[in-house]
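The values are calculated or read from the model by the stated rules, or taken from the named source; none is laboratory data. Computed from a predicted model, the values in this text were never measured in an experiment. Note that we place each Cβ from the backbone using ideal geometry, even for glycine, and neighbour counts take in every protein chain shown.
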Amino acid sequence: MTGSNPTTQNEIPFKAETKQLLDILINSLYSDRDVFLRELISNASDAITRINFEMLTNHQVIDPDAAPAIRLYADKENGTLRITDNGIGMNADELAENLGTIAKSGARSFLEAAKEKNAGSVNDLIGQFGVGFYAAFMVAEWIEVTSRSFRPQDKAAKWRSTGSGSFTITDAEKSDRGSEILIKLKEDAKEYTEEFKLRDVIRKHSNYIPYPIYIGDSEERVNAETTIWRQSPSELKDEDYEKFYQSFTLDFEKPLNRLHLSIDAPFQMYALLFIPSKPERNMFSLRKEDGLQLYARKVLIQDYCTTLLPRYYRFIEGVIDSEDIPLNVTRETMQANRVILTLKKILAGKVTDLLKKWGTDEKEQYAAFWKKFGVFICEGIVTEPEAKDSLVPLLRYRSLNHGEEYLSLADYVLEMKPGQDKIYYILGENLDTLRNSPHIETLKKKGMDVLLLADPFDPFVITNLEKFQDFSLVNAATEKFSEDADKKDAEAKQEPALDESASQGLIQRFKDTLGEKVSDVKTTDRLVESPARLADAEGAISPEMQKMYHLMQQDFSAPKKVLEINPAHPLITRLAEVTDSDLASQIINQVYDGAKIMDGETPDQFAMLTRIQNLIISLLDQQKT
């Protein structure tokens, strides 16, 4: 676009969606109209950032030596507010394009979101859909934008609108580069001609804009002169960090933790990173995507840089600022840049160290973090093998002996029983079911702890680990304990077990009754309190792989299991004495369904309920005789 493009004084209509949006902005009531000034200052800052980028490769610009500045001029007598910048500027065509239409689908998205909001909170949506400039019509009778493009050959142009449905573009006189927005304030918006009001809005909403903001011709900078991440942590209070975090994200819950870094070697870097209160962004969040804000020599390189942290740390919000990143680095070359790769390694290590120390020093707070963000750490172990060793200390699990507390693998090892040489775990979907699982009764009796793995990612992680320190991680459901130990446990049982003949007869009755539901029926010495359990058949695919196939929704049919019965349990010993074949069949099916429930499966609930009712009726009938 050049200065030869014609300008016009004819009325140019807004797009239909823009008209709808302007009607909402002008005619609705708002709880906080200050957002219009926040948006205009942000636009001015973006314009300066853009000229900085342009000048990296192009020095044929107007005012190449001009110091970046944003200025606000209030005129009480005429009831106007003027905002100026010396950014990239616009020519006539760019004014029509940028101010005559709202970015892409921004208007439609805004309108749809606005339908779901009360009028008093619609202002919270401004800034999310490319409609920030139009927020000024909340306070304006009319708006004029006079702009001069950075291109020496371009002419200045003026855009003007009352927000009534059209705008005009005319030639203008302006010798310096940048844009000037003149707002004729409505009667009820004259407060924005007061200096104290302007200062308050700037410090509340725009304090960390990277360029100086002045009021009038004064050289007193209103916004913070030093960005918070370049300040010494000793100079800052918790409130300073929280205020910055809130202004950066619009998340008004406090972050769970933070990391403030200043590194000189091997590269210079400042970093201020936050762990948010929850993984999900709220609908008003200023941060719409994963990634950190990346600055190089105080110039914004990327608003959402995803190459500076591993993907499993993508929940972290914050800012990175380095003097050593080449200013002309592009998105395409970002990953291959040696500085970026080194910074990524440093940052990942620092975040991991923070989490390790947090987990050791403040276990309850770390447990709260783990509940919300643990899935990201698990993802890292599974998807990035090179990170596994560093991430394993961050893992936390519920266990049999620790109630609602979370346990690290290192803590588990410290509490292992004398002679114990394995770390035991059990997989399932419900913690209460796992705590009462028949698979761990032998371990429970010995006082050994068992990790209760009920999260969907657990089978993937445990398969990747195999060992921790020198100890194998073993599924208690499939572990074969030594025969001597099993024999000693069996002899210690209080109830006399069935003899071999009675056991074989009862096993056959189970097989006849259950048929194809199971692959086999056996007796076991593994059980202490339960009458039966379902175990995987010899050579069957591991329980970990079964859960992984199920979670990945693969076309997979779980193999039939072996029903192992406890020959010393009162229910089993008395069942062997039952002569009524129908009653015995009902009890056998009930034992089988109970074992399915304890194994995390869901039996035929209607059949089970009917069977229980029949058994109760039989019991009541016996009471009559």
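State yes or no: is Ala540 crowded, with 17+ Cβ neighbours inside 10 Å, assigned to a helix (DSSP H, G or I) and among the small types (Gly, Ala, Ser)? Full working, then the answer.
Numbers: crowded, with 17+ Cβ neighbours inside 10 Å: yes; assigned to a helix (DSSP H, G or I): no; among the small types (Gly, Ala, Ser): yes.
Against the criterion (crowded, with 17+ Cβ neighbours inside 10 Å, assigned to a helix (DSSP H, G or I) and among the small types (Gly, Ala, Ser)), Ala540 does not qualify.
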Exercise. What is the residue count in the stretch 564-585 for residues that are assigned to a helix (DSSP H, G or I) and either surrounded by 14 or more Cβ atoms within 10 Å (Cβ to Cβ) or not hydroxyl-bearing (Ser, Thr, Tyr) (or both)?
Worked result: 10
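Look at Glu516 and say whether it is among the charged types (D, E, K, R) and not assigned by TED's automatic domain parsing to the domain that holds Leu619.
no
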Exercise. Consider Leu56 against the criteria (1) part of a helix (DSSP H, G or I); (2) closer than 16 Å to Gly132 by Cα; (3) at pLDDT below 90: it satisfies all of them except one. Which criterion is unmet?
Worked result: (2)
Exercise. From Asp85, Asp75, which residue is at pLDDT 95 or above and in contact with a helix residue (DSSP H, G or I) (Cβ under 6 Å, 6 or more places away or on another chain)?
Worked result: Asp85
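Can you pull out every residue in the stretch 505-538 that is farther than 21 Å from Arg574 by Cβ, touching a helix residue (DSSP H, G or I) at 6+ places or on another chain (Cβ under 7 Å) and among the aliphatic types (A, V, I, L, M)?
Taking the stretch 505-538 as the starting set, the residues that turn out to be farther than 21 Å from Arg574 by Cβ are 515-520, 534-538.
Next cut, touching a helix residue (DSSP H, G or I) at 6+ places or on another chain (Cβ under 7 Å) only: 517, 534, 536.
Scanning the stretch 505-538 gives a single hit, Leu534.
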For this session: Output yes when any residue across the stretch 345-359 is more than 21 Å from the chain's Cα centre (by Cα), in a helix (DSSP H, G or I), at pLDDT 95 or above and more than 23 Å from Ser472 (Cβ to Cβ), and no when none is.
Result: yes
For this session: Please identify the pairs in which a residue from the stretch 287-312 that is of a type in the set (Phe, Trp, Tyr) and modelled with pLDDT under 90 has its Cβ atom under 6 Å from the Cβ atom of a residue that is crowded, with 19+ Cβ neighbours inside 10 Å and not in a loop (DSSP other than H, G, I, E, B), counting only partners at least 6 apart or on another chain.
Result: Tyr295/Asp321
For this session: May I ask you to list pairs of residues, at least six apart or on different chains, whose Cβ atoms are under 6 Å apart, with the first in the stretch 361-387 being under 24 Å from His402 (Cα atoms) and the second being among the aliphatic types (A, V, I, L, M)?
Result: Phe369/Leu256; Ile377/Leu391; Ile377/Leu394; Cys378/Val461
Exercise. Under 6 Å by Cβ, and 6 or more places apart or on different chains, what pairs join a residue from the stretch 339-354 that is touching a residue at least 12 places away in the same chain (Cβ under 8 Å) with one that is buried (at least 18 other Cβ atoms within 10 Å of the Cβ) and part of a helix (DSSP H, G or I)?
Worked result: Val351/Tyr313
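Could you list, in sequence order, the residues of the stretch 527-537 that are charged (D, E, K, R) and surrounded by 15 or more Cβ atoms within 10 Å (Cβ to Cβ)?
Selection gives Arg533, Asp536.
In the stretch 313-328, what residues are over 20 Å from Phe244 (Cα atoms) and either modelled with pLDDT of 75 or more or touching a Leu at 6+ places or on another chain (Cβ under 9 Å) (or both)? Break it down stepwise before answering.
To start, the set of residues in the stretch 313-328 that are over 20 Å from Phe244 (Cα atoms) comprises 313, 323-328.
Listed by number, the residues that qualify are Tyr313, Glu323, Asp324, Ile325, Leu327, Asn328.
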Exercise. What is the residue count in the stretch 258-296 for residues that are of a type in the set (Val, Ile, Thr) and in contact with a Pro (Cβ under 8 Å, 6 or more places away or on another chain)?
Worked result: 1
For this session: Among the residues of the stretch 50-96, count how many are of a type in the set (D, E, K, R), under 30 Å from Leu294 (Cα atoms) and either free of Cβ contacts under 8 Å to residues at least 24 places away in the same chain or touching a His at 6+ places or on another chain (Cβ under 9 Å) (or both).
Result: 1
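Would you check which residues across the stretch 598-609 are within 25 Å of Leu527 (Cβ to Cβ) and either in contact with an Asp or Glu (Cβ under 8 Å, 6 or more places away or on another chain) or exposed (fewer than 14 other Cβ atoms within 10 Å of the Cβ) (or both) and list them? Break it down stepwise before answering.
Residues of the stretch 598-609 within 25 Å of Leu527 (Cβ to Cβ): 598-605, 607-608.
Residues satisfying the conditions are Gly600, Glu601, Thr602, Pro603, Asp604, Gln605, Ala607, Met608.
Filtering the stretch 353-367 down to residues that are of a type outside the set (Lys, Arg) and surrounded by 14 or more Cβ atoms within 10 Å (Cβ to Cβ), which residue is nearest to Phe457 (Cα to Cα)? Give the steps one after another, and end with the answer.
Taking the stretch 353-367 first, the residues of a type outside the set (Lys, Arg) are 353-355, 358-362, 364-367.
Now drop any that are not surrounded by 14 or more Cβ atoms within 10 Å (Cβ to Cβ), which leaves 354-355, 358-359, 366-367.
Values: Leu354: 23, Leu355: 20, Trp358: 23, Gly359: 20, Tyr366: 19, Ala367: 17 Å.
Out of the qualifying residues, it is Ala367.
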Seminar exercise, completed: Here the residues within the stretch 368-414 that are more than 16 Å from Phe471 (Cβ to Cβ), among the acidic types (Asp, Glu) and crowded, with 16+ Cβ neighbours inside 10 Å are Glu379
Seminar exercise, completed: Going through the stretch 409-421 in order, the residues found to be modelled with pLDDT of 95 or more and touching a Phe, Trp or Tyr at 6+ places or on another chain (Cβ under 7 Å) are Leu409, Val413
Seminar exercise, completed: Ile612 fails exactly one of (1) hydrophobic (A, V, I, L, M, F, W, C); (2) out of contact with any helix residue (DSSP H, G or I) (no Cβ under 8 Å at 6 or more places or on another chain); (3) exposed (fewer than 14 other Cβ atoms within 10 Å of the Cβ), namely (2)
Exercise. Which of the residues that make up the stretch 59-88 are polar (S, T, N, Q) and assigned to a loop (DSSP other than H, G, I, E, B)?
Worked result: Gln60, Asn78, Asn86
